[in-house]
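The values are calculated or read from the model by the stated rules, or taken from the named source; none is laboratory data. These numbers come from a predicted model, not from an experiment. No Cβ is skipped: glycine too gets one built from the backbone with ideal geometry, and neighbour counts run over all protein chains shown.
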């Protein structure tokens, strides 16, 4: 069955309906490319023999227009397939160019999101008409997956909007609204409803307009090409700014800049070949595979609730209690209230509770000032937070999160006091980052309804929440915690109870290794710089007290330093985190690969280009990783001893 339905309607229009069989979305799969090639040949033949035909309409039978590349297939492309992959891309571009050069108008009717290859298909149409409705996204997300738009997306966007705008919107993987896409030139016309699409498309066909700006010999790139003074000035600093931002670890951003600049200096067809070559380099490399695995497949596993107990009904939180109005408690209150929940924020005094509520007021004031939120909406959010010093005010809450400092006795006292006023069905959660949940649950008369919900600081910016299941936590409680985290727009991972859980435990090995290097006489600056070059957001010593660190560094320099290579420093700081992650999986602290990878990237900033601490083993190569671990073990100690799971991975 073809993924493209072909018909000639009563208005003398060829209609190509994109409808991949057995799939909720249309993808740029091998089957689709074949079907497109056959459809283009048939269109050419029909237009040749039936001059009365007005042209072509391309629409979609799915809720979206087109979802982009077949990423499962992309994972299988290796260096040995580079030549054939390049030819596939060039063949696709030839079919898209054939649509552009039919001599009759081609119209894309866009009723849903058009992303990646879907937008490139639309750009091959002379008229791109989209419905202006909420939720439609238009853009190129490829850079966020280590790739670039390789079917003309960069080359055409440069010619539509100019070098600077094209590089920015594509390298940042921006998804635009329909109106924003109209301004970019990706869309040529906006209509108010689905019903208005066909009349607008017929009008476009009857206009007879069937040329693209990049085929006009008089057309000039908006803002000028690389030889123009203003653009040349921007380009003179762009590579350095890019390296500063990516530390040279994200080849897609470098490739996008190269395609845009090189392609702007040559004819259109040559520019398309340049784009194909850069895409081939990225698609056959490891970074794209890492990012596709984690940011598409693993993130989708979380979105599909793979770590949530199956069979448990959805349990939304209606009213949240937060114990402790410090930095974490205030942030949690904001996160919940901004998503529509009623919040009771309690501290030992009304003054401290109000101070915590003021945290949300400051965030809201900035949003109102910047025009991102109306004063009425800001006020409505703030009114959802009740500041109090009375424990009884928590009585109507169906979930309570304690967010006081790490004192087990204090937490136990608050747990007992809160449970005296809470209903029997309420869930109690701790925001602890270090104390075992099973230990804290001993203070509860309902340990099966006790769970860990570990937020990261600052709460309003950090997307991850680590949910910790205690030994007695039941499925219903875990499901409610999971639903709550998604309810407030965060990304949940689920771990089993153990000292340090997952994120604190693994991040701790990174900090400890930094201290070990310092103890061996390696300078603090060198340790921090190599960690940052690897891609960590902060060095391992940055979290330590600056004064004590300076004293330690001075003493060590007086003693003299041991020779440790940059390679050893980098591998010790990076691999220790992956080794500890493998131990967490082996000990069943973690149950799923997706929780490991997404948790490491979103939780403490393990470099995204690696795909996460577990995917980094595959990035390095399991056999090579094992061999290197054994070297580090022999040289630096048993903490680098390869877990049994690593031996299994190395065996394939």
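Tabulated values for the structure
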| quantity | calculated |
| --- | --- |
| Subset tally (residues that are in contact with a helix residue (DSSP H, G or I) (Cβ under 8 Å, 6 or more places away or on another chain), surrounded by fewer than 19 Cβ atoms within 10 Å (Cβ to Cβ) and part of a loop (DSSP other than H, G, I, E, B)) for segment 400-424 | 2 |
| Tally, over segment 29-47, of residues that are free of Cβ contacts under 8 Å to residues at least 40 places away in the same chain, surrounded by fewer than 18 Cβ atoms within 10 Å (Cβ to Cβ) and more than 14 Å from residue 117 (Cβ to Cβ) | 6 |
| Within segment 368-397, tally of residues that are more than 13 Å from residue 326 (Cα to Cα), touching a helix residue (DSSP H, G or I) at 6+ places or on another chain (Cβ under 8 Å) and either crowded, with 17+ Cβ neighbours inside 10 Å or in contact (Cβ under 8 Å) with a residue 24 or more places away in the chain (or both) | 11 |
| Residue in segment 68-86 that is free of Cβ contacts under 8 Å to residues at least 60 places away in the same chain and in contact with a strand residue (DSSP E or B) (Cβ under 6 Å, 6 or more places away or on another chain) present | yes |
| Sole exception among (1) farther than 15 Å from residue 115 by Cβ; (2) in contact (Cβ under 8 Å) with a residue 60 or more places away in the chain for residue 21, by number | (2) |
| Failed item, numbered, when residue 361 is tested on (1) in contact with a helix residue (DSSP H, G or I) (Cβ under 7 Å, 6 or more places away or on another chain); (2) buried (at least 21 other Cβ atoms within 10 Å of the Cβ) | (2) |
| Filter result (part of a loop (DSSP other than H, G, I, E, B) and either in contact (Cβ under 8 Å) with a residue 40 or more places away in the chain or touching a strand residue (DSSP E or B) at 6+ places or on another chain (Cβ under 6 Å) (or both)) within segment 511-536 | 520, 521, 522, 535, 536 |
| Yes/no for residue 143 being surrounded by fewer than 24 Cβ atoms within 10 Å (Cβ to Cβ) and in contact with a helix residue (DSSP H, G or I) (Cβ under 9 Å, 6 or more places away or on another chain) | yes |
| Per-region count, segment 458-470, residues outside any strand (DSSP E or B) and crowded, with 20+ Cβ neighbours inside 10 Å | 2 |
| Qualifying residue in segment 335-352 (condition: in contact (Cβ under 8 Å) with a residue 24 or more places away in the chain, in a helix (DSSP H, G or I) and in contact with a helix residue (DSSP H, G or I) (Cβ under 9 Å, 6 or more places away or on another chain)) | yes |
| Tally of residues being in contact with a strand residue (DSSP E or B) (Cβ under 9 Å, 6 or more places away or on another chain) and farther than 11 Å from residue 130 by Cβ across segment 156-179 | 5 |
| Scope segment 425-457; condition part of a loop (DSSP other than H, G, I, E, B) and touching a residue at least 40 places away in the same chain (Cβ under 8 Å); matching residues | 431, 433, 434, 436, 456, 457 |
| Test: residue 444 is more than 30 Å from the chain's Cα centre (by Cα), over 17 Å from residue 326 (Cβ atoms) and in the same structural domain as residue 329 (by TED's automatic domain parsing) | yes |
| Residue match in segment 90-101 (condition: surrounded by 20 or more Cβ atoms within 10 Å (Cβ to Cβ), touching a residue at least 60 places away in the same chain (Cβ under 8 Å) and farther than 27 Å from residue 15 by Cα) | no |
| Filter result for residue 599 (outside the structural domain of residue 491 (by TED's automatic domain parsing), assigned to a loop (DSSP other than H, G, I, E, B) and buried (at least 24 other Cβ atoms within 10 Å of the Cβ)) | no |
| Exclusive hit being in contact (Cβ under 8 Å) with a residue 24 or more places away in the chain and over 17 Å from residue 512 (Cα atoms), set 611, 605, 621 | 611 |
| 3 or more residues exposed (fewer than 15 other Cβ atoms within 10 Å of the Cβ): qualifying helices (runs of 4 or more DSSP H) within segment 225-310 | 229-246 |
| Only one of 54, 16 that is in contact (Cβ under 8 Å) with a residue 60 or more places away in the chain, over 14 Å from residue 98 (Cα atoms) and surrounded by 14 or more Cβ atoms within 10 Å (Cβ to Cβ) | 54 |
| Test set (1) surrounded by fewer than 14 Cβ atoms within 10 Å (Cβ to Cβ); (2) at pLDDT below 95 - residue 556 fails condition number | (1) |
| Filter result for the condition that a residue is surrounded by 18 or more Cβ atoms within 10 Å (Cβ to Cβ), within 18 Å of the chain's Cα centre (by Cα) and not in a loop (DSSP other than H, G, I, E, B), over 170, 129 | 170 |
| Matching residues, segment 143-166, being over 20 Å from residue 212 (Cα atoms) and modelled with pLDDT of 95 or more | 143, 144, 145, 146, 147, 148 |
| Answer from 107, 25, 43 - the residue that is within 28 Å of residue 199 (Cβ to Cβ) and in contact with a helix residue (DSSP H, G or I) (Cβ under 6 Å, 6 or more places away or on another chain) | 107 |
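Conditions tested, residue by residue: (1) touching a strand residue (DSSP E or B) at 6+ places or on another chain (Cβ under 9 Å); (2) within 21 Å of residue 612 (Cα to Cα).
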residue	(1), (2)
453	yes, no
466	yes, yes
478	yes, no
509	no, yes
